[in-house]
Amino acid sequence: MTNGPEDHKRILYGRRRGHKLRPGQQELVNNLLPHLLVSLPDEGMMNPADQFEIEPDTRTANDSPGNAFWLEVGFGGGEHLAAQAEANPDVSIFGCEPFENGVASLLAHIENKGLRNVRIHNDDARDLIAALPEASIDRAFLLFPDPWPKSRHAKRRFVSAENLTSLARVLTDDAEFRVATDHVSYCRWALSQLLKHPDFSWQAECASDWRVRSADWPPTRYEQKALDQGRKPVYFKFRRKMRESN
Ligand SMILES: C[S@@+](CC[C@H](N)C(=O)[O-])C[C@H]1O[C@@H](n2cnc3c(N)ncnc32)[C@H](O)[C@@H]1O
């Protein structure tokens, strides 16, 4: 018997469920989530624009097809994703998060802010990335990924040569890849992996480039936790290098 992709892949995330959802959250999961779920093809690639089609009977004059596609891996409670979607209504944003309570939290933000440019993959981001066409994502975010600090768990860290290569395939030339962490060893790990990867370059010129979160980078819940506990996060901006033309 198989249970899908998790059978043949190492699981990278911690838990899928936390406390029981409140009735309002459960209602959003039952009634709103099905309209926003990404539908992955059984085989081959999907067309990102198809995922953001708005049902004709609910379409409004303000609904414009996305000019750009962004991707957030592990959005947690969805504060950053919702703030980006609100600030950038002409960008279509994919969010991936297997933790049900996080998905319910993002759904509440989507409903409260009336967002129409968000689609959710409530599972492993690697499956969505594998189904995206080459050079289809204009910006990606990996904010406060699970650090898996023990060296025997290092293979569970999202930043790895394999995942960076998958991500580089779907990023457009010069696309920005933002990574934040409050974990000293993850910071070293992520920097070393990204600096040696042939498809990414780090644009930082001075310490404030990575010590200070830029104004167009909304905060997250984990970031606040880290700050409350006295840890100073780092905010990296990498670029996907230009592809060589044939
Ligand atoms: C430490 S939390 C940070 C959440 C959020 N980005 C924040 O800053 O508040 C890391 C999140 O990444 C999610 N995650 C881990 N591996 C993932 C994967 N392979 N695909 C999608 N999400 C993943 C976890 O479920 C968890 O919610």
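The values are calculated or read from the model by the stated rules, or taken from the named source; none is laboratory data. Every value quoted in this text rests on a predicted model; they were computed, and no experiment measured them. Neighbour counts are summed over all protein chains in view; Cβ atoms, including those assigned to glycine, are modelled from backbone coordinates with ideal geometry.
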Residue count, the range 171-196, condition farther than 19 Å from Trp148 by Cα, within 20 Å of the chain's Cα centre (by Cα) and away from the ligand (no atom under 16 Å from the Cβ), comes to 6
In this structure, is Asp216 within 19 Å of Pro133 (Cβ to Cβ), more than 13 Å from the ligand (Cβ to nearest atom) and loosely packed, with under 13 Cβ neighbours inside 10 Å? no
Does Ala226 satisfy the criteria of being in a strand (DSSP E or B) and modelled with pLDDT of 95 or more? no
All positions within the range 152-179 that are basic (Lys, Arg) and surrounded by fewer than 16 Cβ atoms within 10 Å (Cβ to Cβ): Arg152, Lys155
Need a quick list: strands (runs of 3 or more DSSP E) entirely within the range 90-199 having at least 1 residues that are touching a Gly at 6+ places or on another chain (Cβ under 6 Å). 91-96, 118-121
Condition (residue is in contact with a Lys or Arg (Cβ under 6 Å, 6 or more places away or on another chain) and touching a residue at least 24 places away in the same chain (Cβ under 8 Å)) applied to the range 136-145: is it met by at least one residue? yes
When only residues in the range 103-151 that are buried (at least 18 other Cβ atoms within 10 Å of the Cβ) and of a type in the set (Asp, Glu) count, which is farthest from Lys241 (Cα to Cα)? Asp123
The residue from Leu81, Leu40, Leu71, Leu28 that alone is modelled with pLDDT of 95 or more, within 16 Å of the ligand (Cβ to nearest atom), within 18 Å of Val103 (Cβ to Cβ) and part of a helix (DSSP H, G or I) is Leu81
For the range 96-153, how many residues meet the condition of being near the ligand (Cβ under 9 Å from one of its atoms) and of a type in the set (Asp, Glu)? 5
